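A.B. asks: Structure below; questions to follow.
The values are calculated or read from the model by the stated rules, or taken from the named source; none is laboratory data. Keep in mind it's a predicted model, so treat the numbers as computed, not measured. Cβ coordinates were reconstructed from backbone atoms using ideal geometry, including for glycine residues, and neighbour counts include every protein chain displayed. Just so you know, the surface numbers come from the protein's heavy atoms only, side chains and all, with ligands and any DNA or RNA stripped out. Shrake-Rupley method; radii C 1.70, N 1.55, O 1.52, S 1.80 Å.
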Amino acid sequence: MEQRRPLSIRASKAPARVKPSNYPSPFAERMAGRLKHPLGDLFGLRNFGVNLTELMPGAVSSLLHRHTRQDEFIYVLEGELTLVTDEGELVVTPRMCAGFAAGGLAHQIVNRLAAVGIYLEIGDRSPDDAVSYPADDLIAVREDDGWLFTRKDGSPY
């Protein structure tokens, strides 16, 4: 019998992700100070993911990236964060949101202040997605069992 899932929870009490990053070294180390609490998984959501993400001072959400198939959306809850794109930067504060269509601007969130920043991130789980990282020698391709990371020339990490 399948374990019964909760109907609701206090988002801040959701367990944090055990593995802080899927990136290969040396990129994974750059995710220090990022704490993700997967929320959608708690409710058995399969078509899209939802994370409550905390960025400690100096932390980043991800490498600067863009997806080929996945759309992403963020909603800032606490703090002052900087949205970095390949076209510039914008400060985002509580109750502000941003969306990133597949194939659009490369983006990342950076916490440049001394206080923790907290936001919700929502992304679909499109099959056959791939991710490019314009500032790093990295490409990711979604496979059935996770992400395959290679250098831009196709060689493995």
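A.B. asks: Among the residues of the range 134-157, which ones are of a type outside the set (Asp, Glu), more than 23 Å from GLY104 (Cβ to Cβ) and open to solvent by 90 Å² or more (accessible area, probe 1.4 Å)?
C.D. replies: PRO156, TYR157
A.B. asks: Looking at the range 39-54, which of the residues that are out of contact with any Leu (no Cβ under 7 Å at 6 or more places or on another chain) and either basic (Lys, Arg) or over 17 Å from ASP124 (Cβ atoms) (or both) is surrounded by the most Cβ atoms within 10 Å (Cβ to Cβ)?
C.D. replies: LEU42
A.B. asks: Only one of LEU113, LEU90 is open to solvent by 70 Å² or more (accessible area, probe 1.4 Å), modelled with pLDDT of 95 or more and outside any loop (DSSP other than H, G, I, E, B). Can you tell me which? It would help to see each step written out before you state the result.
C.D. replies: Details: LEU113 fails: outside any loop (DSSP other than H, G, I, E, B).
Matching residue, one of LEU113, LEU90: LEU90.
A.B. asks: In addition: Looking at (1) touching a residue at least 12 places away in the same chain (Cβ under 8 Å); (2) more than 16 Å from the chain's Cα centre (by Cα); (3) not in a loop (DSSP other than H, G, I, E, B), which is the one condition that is false for ARG66?
C.D. replies: (2)
A.B. asks: Taking the conditions exactly as written (of a type in the set (S, T, N, Q) and touching a Ser or Thr at 6+ places or on another chain (Cβ under 7 Å)), does THR53 satisfy them or not?
C.D. replies: In short, yes.
A.B. asks: Is at least one residue of the range 111-127 in contact with a Ser or Thr (Cβ under 6 Å, 6 or more places away or on another chain), touching a residue at least 60 places away in the same chain (Cβ under 8 Å) and among the hydrophobic types (A, V, I, L, M, F, W, C)? Before the answer, list the steps.
C.D. replies: Residues of the range 111-127 in contact with a Ser or Thr (Cβ under 6 Å, 6 or more places away or on another chain): 112, 119, 121.
Next, from what is left, pick out any that are touching a residue at least 60 places away in the same chain (Cβ under 8 Å): 119, 121.
Remaining after also requiring among the hydrophobic types (A, V, I, L, M, F, W, C): none.
No: the range 111-127 contains no residue that is in contact with a Ser or Thr (Cβ under 6 Å, 6 or more places away or on another chain), touching a residue at least 60 places away in the same chain (Cβ under 8 Å) and among the hydrophobic types (A, V, I, L, M, F, W, C).
A.B. asks: Could you say which residue among GLY104, GLY99 is open to solvent by 20 Å² or more (accessible area, probe 1.4 Å), assigned to a strand (DSSP E or B) and more than 21 Å from MET31 (Cα to Cα)?
C.D. replies: Being open to solvent by 20 Å² or more (accessible area, probe 1.4 Å), assigned to a strand (DSSP E or B) and more than 21 Å from MET31 (Cα to Cα) holds for just one of GLY104, GLY99, which is GLY99.
A.B. asks: Give me the pairs: first residue in the range 141-157 and more than 11 Å from ASN22 (Cβ to Cβ) and part of a strand (DSSP E or B), second residue open to solvent by less than 90 Å² (accessible area, probe 1.4 Å) and modelled with pLDDT under 95, beta-carbon distance under 6 Å, and six or more apart or on different chains, which are they?
C.D. replies: Listed by first residue and then by second, the contacts come to VAL141/LEU148.
A.B. asks: Could you list, in sequence order, all residues of the range 1-38 that are among the basic types (Lys, Arg), part of a helix (DSSP H, G or I) and surrounded by 15 or more Cβ atoms within 10 Å (Cβ to Cβ)?
C.D. replies: Once the filter is applied, which keeps residues that are among the basic types (Lys, Arg), part of a helix (DSSP H, G or I) and surrounded by 15 or more Cβ atoms within 10 Å (Cβ to Cβ), the range 1-38 yields only ARG30.
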